[in-house]
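S.K.: For reference, the structure I am asking about is given below.
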Amino acid sequence: MDLSFSEADVAFAAEIRGWLRDHLELPPRFTTLADEIEWGRQWQAKLAADRWIGIHWPREFGGRGAEPVQVAIFNMEYARSRALQPVNRVGINLAGPTLLARGTAAQQQRWLPSILDASEIWCQLFSEPEAGSDLAALRTTAKKVVGGFLVSGQKVWTSYAQFAKYGICLARTLDVGDAEPGAEPARSKHANISYLVVPMDAPGVEIRPLVQITGEAEFNEVFLDEVFVPDDHLVGELNNGWAVANTTLAHERGTNFPFKEQVVHEVLLDELYALAATRGVLDDVVVSDALAQSFVELRVLRLHNWRTLSRVAKGVEPGAESSIVKLQWSAMSQFMAEAALEVVGEAAPLYFGANTPGAGQWQRQFLWSKAASIAGGTSEVQRSIIAERMLGLPKG
């Protein structure tokens, strides 16, 4: 494992810090999610103007052609600055790279610029009520008609659907005369899936917000009732959507997320220590043990990340070991959130707006952390991957 950066990497980190020092705008306290999205669009447009969005994209498409190590460095420096995360994350990290790899020249020219500057937000229409971990069991259908497809079905856990212009969608493709929606085709469940770009403002699209335990509604259910999707919104070949989807999933499970979260939690832990000192509870045994354990778990995550980065720098693609990182991040995030409530003390049962030091921020962090063992692949799925692909154990 190599713990040192090259001179070029060090210079790249300095360039990022310099730009953020000169241009950083910290977000205000938002009253609504819509306010956050609108502010975020403007901030992302400023980043895009100087090519600090989608830096892993090729230069001819507005990126910097950054190598994986540089992408990790950027994510760490950006998180350390406490800048608002880009609002068009699905577009930048999932839709964009998929279009670059699988899209036509016309699709790339039409959609890529508006992804970078957030003038058009994208969402992901993959998960369904009965097709979460087993994505290929999806039941949404796309019936071929003249000029396009009629898409019908239900998607769930769709972030920012209410603000999105387009959604990347997997649907089971039906020709005229094929089985009706809901019927299982005779072919392999991977064989007749197509990858479509659905206009989210098209007739037949209904979006229902899902209120989370934090009281927010970032996620949504999306109902599709014979939504017309033009032929030129098909990405890749007809019925070859599973291969295209694997391009998307490879980016979703990439190395960017754990590096960003590592630094985000390092910043949070610093704030937690400061809060404990302010409240005079650093000598409390329960609090001190919780903070010390949080520090240890965060360092373990950092070591996992360095190991991954060393492999990537040598040209080795991340494999099943990324599931170890995901498990470690989930456990660390949830433990630190619980430690935060020990620090907050008597304000812990309170929620947003409580007039007590530490109230609000940490309660939300605690509630949000419950999703850590679900988002990005459940911990149960990660353990199965480790058992089967790394330890060679039989499938359960």
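S.K.: Specify the residue that is modelled with the lowest pLDDT; the eligible residues are those in region 170-195 that are in a strand (DSSP E or B) and not small (Gly, Ala, Ser). Can you show your working first?
M.R.: First, the residues of region 170-195 that are in a strand (DSSP E or B): 170-174, 193-195.
Narrowing further to those that are not small (Gly, Ala, Ser): 170, 172-174, 193, 195.
Numbers: Leu170: 97, Arg172: 96, Thr173: 94, Leu174: 85, Ile193: 96, Tyr195: 97.
Ranking the qualifying residues of region 170-195, first place goes to Leu174.
S.K.: Now for a separate question. Only residues that are crowded, with 18+ Cβ neighbours inside 10 Å, modelled with pLDDT of 80 or more and in a loop (DSSP other than H, G, I, E, B): list them for region 372-396, please.
M.R.: Ala372, Ser373
S.K.: Anything in region 365-394 that is over 18 Å from the mean Cα position of the chain (by Cα) and polar (S, T, N, Q)? List them, or say none.
M.R.: Ser384
S.K.: So the check is Cβ under 7 Å with 6+ separation or different chains; which pairs have a first residue in region 137-148 that's under 14 Å from Phe228 (Cβ atoms) and a second one that's part of a loop (DSSP other than H, G, I, E, B)?
M.R.: Within 7 Å, the pairs are Thr141/Pro181; Lys144/Asp175; Lys144/Val176.
S.K.: Residues to consider are Val229, Val244; find the one that is modelled with pLDDT of 90 or more, surrounded by 18 or more Cβ atoms within 10 Å (Cβ to Cβ) and assigned by TED's automatic domain parsing to the domain that holds Ala137.
M.R.: Testing whether each residue is modelled with pLDDT of 90 or more, surrounded by 18 or more Cβ atoms within 10 Å (Cβ to Cβ) and assigned by TED's automatic domain parsing to the domain that holds Ala137 leaves just Val229.
S.K.: Filter the strands (runs of 3 or more DSSP E) completely within region 101-161 down to those with at least 3 residues that are over 21 Å from the mean Cα position of the chain (by Cα) and crowded, with 22+ Cβ neighbours inside 10 Å. Even if it seems obvious, please write down each step before you answer.
M.R.: Working: elements: 122-125, 141-145, 148-155.
Strands (runs of 3 or more DSSP E) meeting the threshold: 148-155.
S.K.: Another question, if that's okay. Would you mention how many residues in region 1-36 are among the β-branched types (Val, Ile, Thr) and over 26 Å from the mean Cα position of the chain (by Cα)?
M.R.: So the count comes out to 1.
S.K.: Return the residues of region 74-94 that are modelled with pLDDT under 90 and hydrophobic (A, V, I, L, M, F, W, C); say none if nothing qualifies.
M.R.: Met76, Ala79
S.K.: What residue, of Arg59, Arg110, is of a type in the set (Lys, Arg) and either farther than 28 Å from Trp306 by Cα or in the same structural domain as Glu261 (by TED's automatic domain parsing) (or both)?
M.R.: Arg110
S.K.: Read through the list (1) farther than 18 Å from Val263 by Cα; (2) surrounded by fewer than 17 Cβ atoms within 10 Å (Cβ to Cβ); (3) touching a helix residue (DSSP H, G or I) at 6+ places or on another chain (Cβ under 8 Å); (4) not acidic (Asp, Glu), then give the number of the only condition that Val316 fails.
M.R.: (3)
S.K.: Under the condition of being part of a loop (DSSP other than H, G, I, E, B) and closer than 16 Å to Glu216 by Cβ, which residue from region 332-371 is modelled with the highest pLDDT?
M.R.: Lys370
S.K.: Next up: Residues being under 19 Å from the mean Cα position of the chain (by Cα) and part of a strand (DSSP E or B): count how many of those fall in region 196-230.
M.R.: 7
S.K.: Filter region 25-77 down to the residues that are assigned to a loop (DSSP other than H, G, I, E, B), of a type in the set (A, V, I, L, M), touching a helix residue (DSSP H, G or I) at 6+ places or on another chain (Cβ under 8 Å) and loosely packed, with under 13 Cβ neighbours inside 10 Å and list them by number.
M.R.: Hits for region 25-77: nothing passes.
S.K.: Test Leu210 against the criterion of being more than 30 Å from Val296 (Cα to Cα), surrounded by fewer than 16 Cβ atoms within 10 Å (Cβ to Cβ), at pLDDT 90 or above and aliphatic (A, V, I, L, M), and give yes or no.
M.R.: Here the answer is yes, as Leu210 does meet what is asked.
S.K.: Kindly establish whether Ala320 is closer than 22 Å to Thr247 by Cβ, at pLDDT below 85 and of a type outside the set (Ser, Thr, Tyr).
M.R.: yes
The values are calculated or read from the model by the stated rules, or taken from the named source; none is laboratory data. Predicted model only: the values in this text are computed from it and were never measured. Glycine gets a Cβ as well: all are built from the backbone with ideal geometry, and neighbour counts include every protein chain shown.
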